[in-house]
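Below is one structure, written out as structure tokens; comments come after it.
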Amino acid sequence: MSTSQTTVVVTGMGATTPLGGDVPSTWSALLAGKSGVRKLDWDNVDELPVQFAAQLAVDPSEVMPKQALRRLDRCQQIALIAAKEAWASAGFKPRTKKGYEEGAEGFEITDGDRLGVVVSSGIGGLHSALNSYSVFLEKGWSRVSPFTVPMLMPNGSSGHVGIEYGAMAGSHGLVSACASSAEAVGYAIDMIRNGRADVVICGGTEACIHPLQMASFGAMRAMSTRNDEPERASRPYDKNRDGFVLGEGAAVMILESEEHARARGAQIHGIAAGCGYSGDAYDIVLPDPTGSGQAKAMRRALANAGLEPEDIAHVNAHATSTPAGDVAELASIKAALGQDAGTRLTVTGTKSMTGHLLGGAGALESVITILTLREGLVPPTANLEDIDDEVDLDVVHGEPRKLPDGPLAALNNSFGFGGHNVSVVFQRAV
């Protein structure tokens, strides 16, 4: 199978986020500019420097059986929830670990060797690790759950999704901090282009809203401390931005070779056109202020997709709402896409509403980018009230912005601690 001849398409999408328990509700909330950020209801939360986060709109306990809740970490639970929606939306027959449901409608994948999984997490089962250690300290080793290790593994979500759907082409869980699930999308594209699979379930998940995380990020002074108005705390590109807002959630996509998708009559939502990677080699947490590494990832993504800078009409920016990060990214966008990018393309920062899902962010924002191209609407950047003087790109805010008709391409940027830079290119399906 020739890499140059294989077009990879998106046929299914699923998500559970701070804005909604599925893709349609999340998308509607984004267009309405709603915030998923709220104050935490923990005991003694007032003792923490940051007292709010973007928690899930629909808790897994509302939609999963009790046994799964006991045996899976929260990040694994929501990965399976998102995968189930993506699988169904792609038109596949419902399936459990025991096989396809008899009598149900949908397409069956008869050869599991042609189905792969790449579901990533930046941190993995933090809750399970810390809770189990508390049990060990308080009650002894014999009371520690035998499921602890599978629950805390960063690759556990990918493994569970692979088992659920009988994926035997490979099950992968890439870890690259906040770029993890964008890298998962790139790896999935390569699996199909290289002939390893016809279909890949890919995405990311993260559920680490925990006092330890809040304290650690708070000590780094990386998070917003706008405790009196949390829904307005995440404000990319605003002069008064003071840090990111921690979020949780999962998003999963079904990628297929175009040949496979068309043969089964699947609906095609968009084209996963390419992916680019780079490393800053600068600092373990700070981005290179020149944005050179980020620009390299974007250029490499364009080359991988066979596109030119002028083909890009929109960028879903990493845009975490940190003072240094937002401006560095805008510089990198101009370096990669041209100094006239401000007159040619739109930029949005959807973390202003979802918070930052860390390892799950790239997958969720990939879904948002696909919907932006499919629906022809750019979600606004929320809370942008006093735009930074250094911002000279067209950042959509206030109301959604309509995109032109016809063939279009968009970039989704994800950057992570450690200097990981990943940019994914999507094209509108026409």
Item checked: Three semi-axes of the equivalent ellipsoid, the stretch 276-416, Cα gyration tensor, whole Å, largest first -> 20, 18, 15
Notebook entry, point to check: Where in the stretch 48-90 does the label zone of S134 land, with the point 7 angstrom along Cα→C-beta and an amide N cut-off under 17 Å?
Noted result: 48, 70-75
Margin query: Students often check this: by mean Cβ neighbours within 10 Å, which of 127-133, 344-350 ranks highest, and how do the rest follow?
Written below: 344-350, 127-133
Notebook entry, point to check: Semi-axes of the chain's equivalent ellipsoid from the Cα gyration tensor, sqrt of 5 times each eigenvalue, largest first, rounded to whole Å?
Noted result: 30, 29, 18
Next item on the list: Starting from the Cα-Cα distance between S28 and E399, subtract it from 0.36 nm times their residue separation and give me the gain in nm to one decimal.
Entry: 132.3 nm
Check: How would you rank 377-389, 75-87, 395-407, highest first, on the average number of other Cβ atoms within 10 Å across their residues?
Finding: 75-87, 377-389, 395-407
Checklist line | Residues D59 and T290, FRET efficiency given R0 of 51 Å [Cβ-Cβ distance, rounded to 0.05] | finding: 0.75
Next item on the list: Provide the percentage of antiparallel DSSP beta bridges, counting only those with both residues in the chain; round to the nearest 5.
Entry: 65
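Restricting to Cα atoms and excluding each atom paired with itself, what does the Kirkwood estimate give for the stretch 9-138 in Å? Present the calculation step by step, with values, prior to reporting the outcome.
Numbers: mean 1/r = 0.0574 Å⁻¹.
For the stretch 9-138, the Kirkwood estimate is 17.4 Å.
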Checklist line | For the chain, accessible area per residue (1.4 Å probe, heavy atoms of protein chains only), Å² | finding: 39
Next item on the list: Set the Förster radius R0 to 51 Å, insert the Cβ-Cβ distance between D46 and E102 as r into 1/(1 + (r/R0)^6), and round the FRET efficiency to 0.05.
Entry: 0.40
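The values are calculated or read from the model by the stated rules, or taken from the named source; none is laboratory data. Just so it is clear, the model here is predicted, and its values are computed rather than measured. Cβ: placed from backbone, ideal geometry, glycine included. Neighbour counts: every protein chain shown. Note: accessible area is taken over every heavy atom of the protein model, side chains too, but ligands, DNA and RNA are not part of it. Shrake-Rupley method; radii C 1.70, N 1.55, O 1.52, S 1.80 Å.
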